[in-house]
Every structure is written in structure tokens, then in C-alpha cells.
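The values are calculated or read from the model by the stated rules, or taken from the named source; none is laboratory data. Since the structure is predicted, the reported quantities are computational estimates derived from the model, not experimental observations. Please note: Cβ atoms are built from the backbone with ideal geometry, for glycine as well, and neighbour counts cover all protein chains shown.
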């Protein structure tokens with residue numbers, strides 16, 4: 001029987017991981033988005049495209065790192081450094097960026113034509129990035145894998161996407177108001193942008209990663225067991241937010257039998 005992906009469980013697990021792994025998540029986010037914030041704050045005219053490209057690369061790299069972090073936490077040890085996590089994403093950075101651009105374009109077209117197609121894009125391709133990172137897939141394969149995982153759980157995935165979007169939107173709105181009050185003060189605008197990105201980037205990335213592993217936990221593919229974010233997954237946590245497999249069965253009573261002579 002398939003385990004049900006629960007919206008509240010996914011969001012709760014994401015924030016649990018946020019708190020437990022903040023020492024890695026926040027400094028890396030700050031370092032990446034400080035560069036982006038400075039570029040976006042000082043560049044004008046056509047050079048703004050450089051800041052946009054930097055934001056895309058930084059966001060993609062961060063998303064991939066967080067997926068690896070969640071995967072590392074799941075084994076109960078958390079034995080990869082931030083540098084190792086970032087380095088592990090570089091082989092798939094190009095497919096990740098291309099997939100992000102493609103999904104973004106499909107979303108925009110869907111919203112222009114009608115709101116519903118845009119929401120369908122966000123729902124069915126919600127775990128494209130994590131699938132590319134973990135399963136080392138190409139762009140098209142990642143899109144197909146995401147759709148395959150979401151199938152049968154579309155409403156739950158849609159709920160997760162909407163809740164995460166609203167949380168990020170509120171945080172960005174608060175810092176957007178602060179930046180707006182500052183007017184032409186470039187420094188305040190940069191600080192507001194960097195702080196907002198540092199806070200919200202882990203939320204978006206963690207929700208996507210936890211959702212991916214939750215969907216894999218409902219996948220009937222042999223060898224893929226229940227994962228975080230699924231109702232009915234086995235408990236036992238060594239690292240906060242990590243799930244570990246149940247212990248092996250005890251040996252038969254009386255010990256091993258001696259072979260007959």
C-alpha cells in the first residue's frame with residue numbers, strides 16, 4: 001500500500017531540518033547571496049543581466065547543495081562538509097540551470113495563457129531539481145522523473161508548493177517594504193535583499209528536497225523505501241530530521257547449529 005504524502009509533515013520536517021542544520025544553511029546562503037545582492041545593487045542598464053545570471057547560478061547551486069544535505073542527513077551521520085556538498089553539485093549544475101530556466105518559461109507561458117496551466121507546471125515539475133541532483137539525470141529525464149513521482153500525489157504537492165510560496169512571499173514582502181522605505185539608499189536595499197534571500201532560500205530548497213524524498217518514499221520502485229515526509233515511515237532519529245532503518249532481526253534462539261558429521 002502506498003504511503004500518503006502529508007503537506008503538514010513535509011513543511012514541519014523542512015523547518016525541523018532548517019533549525020537543526022542552520023549552522024550550514026545560513027552561512028552558505030549568506031555567502032552566495034551577498035555576491036548576488038551586491039551585483040544587483042550596483043549594476044545598472046544592460047549589466048543588470050549579470051546580476052540576474054548570478055542569482056540564477058547561486059540559487060541553483062544552493063538548491064543542489066541543500067538536496068545533498070538532506071540526503072546526507074537521512075543516513076543519520078551528517079558527515080559531509082559544506083564545501084563537499086557544494087562540490088558534489090557541480091557535475092549537474094548545467095542540467096539544473098537549464099531545467100530551472102525551462103520550468104520558469106513554462107510557468108510564465110502557463111500564467112499568461114491561463115493561471116491553471118502555470119500552477120500545473122509548478123506542481124508536476126516541483127521536484128525536477130532534486131531528481132537531477134540525486135539521480136544524476138539530464139534536463140528532460142529530470143522533468144519526466146518529477147512528473148512520474150508527483151503523479152497520484154498532485155493535490156498534496158500543490159498544497160506543499162502553495163504553503164512554501166506563501167511563507168517565502170511574506171518574508172520577502174517584509175524586507176521589500178524595508179527596502180522601499182529606504183528609497184535610493186543602495187546599502188539598505190542590498191542588505192534587505194541579502195537578508196531576505198538568506199532567510200528564504202533554505203525554506204524553498206528544504207521544502208523541495210524533503211518533498212522529493214517523501215515522494216520517493218511512496219514510489220513502488222524496488223529498493224526505494226519510505227522517506228521523510230511520508231505518513232507511516234519508520235521512526236528513529238540519530239540526527240535531527242534524519243530517518244534511520246529499523247534494526248535487523250535478532251538471531252535464532254539457541255545460536256547457530258553445528259553441521260552434522
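Screening residue 218 with (1) farther than 18 Å from residue 119 by Cβ; (2) in contact with a strand residue (DSSP E or B) (Cβ under 9 Å, 6 or more places away or on another chain); (3) at pLDDT 95 or above gives one miss only, at (3). Residue count for segment 69-102 satisfying the condition of being touching a helix residue (DSSP H, G or I) at 6+ places or on another chain (Cβ under 9 Å) and assigned to a loop (DSSP other than H, G, I, E, B): 4. With in a helix (DSSP H, G or I), under 16 Å from the mean Cα position of the chain (by Cα) and at negative phi as the only criterion, which of 171, 161 stands out? Checking each option against the conditions leaves just 161.
Let me confirm something: among 118, 100, 110, which residue is surrounded by fewer than 21 Cβ atoms within 10 Å (Cβ to Cβ) and within 16 Å of the chain's Cα centre (by Cα)? Please lay out each step first, then the result.
Numbers: 118 fails: within 16 Å of the chain's Cα centre (by Cα); 110 fails: within 16 Å of the chain's Cα centre (by Cα).
When all the criteria are applied, what remains is 100.
The conditions of being closer than 21 Å to residue 69 by Cα, assigned to a helix (DSSP H, G or I) and in contact (Cβ under 8 Å) with a residue 24 or more places away in the chain are met by residue 134.
Report yes if some residue within segment 37-51 is within 15 Å of residue 205 (Cβ to Cβ) and either in a loop (DSSP other than H, G, I, E, B) or within 20 Å of the chain's Cα centre (by Cα) (or both); otherwise report no.
The first filter runs over segment 37-51 and keeps only residues within 15 Å of residue 205 (Cβ to Cβ), leaving none.
No: segment 37-51 contains no residue that is within 15 Å of residue 205 (Cβ to Cβ) and either in a loop (DSSP other than H, G, I, E, B) or within 20 Å of the chain's Cα centre (by Cα) (or both).
Test residue 166 against the criterion of being over 22 Å from residue 70 (Cα atoms) and in a helix (DSSP H, G or I), and give yes or no.
Details: over 22 Å from residue 70 (Cα atoms): yes; in a helix (DSSP H, G or I): yes.
Taking the combined requirement at face value, the residue satisfies it.
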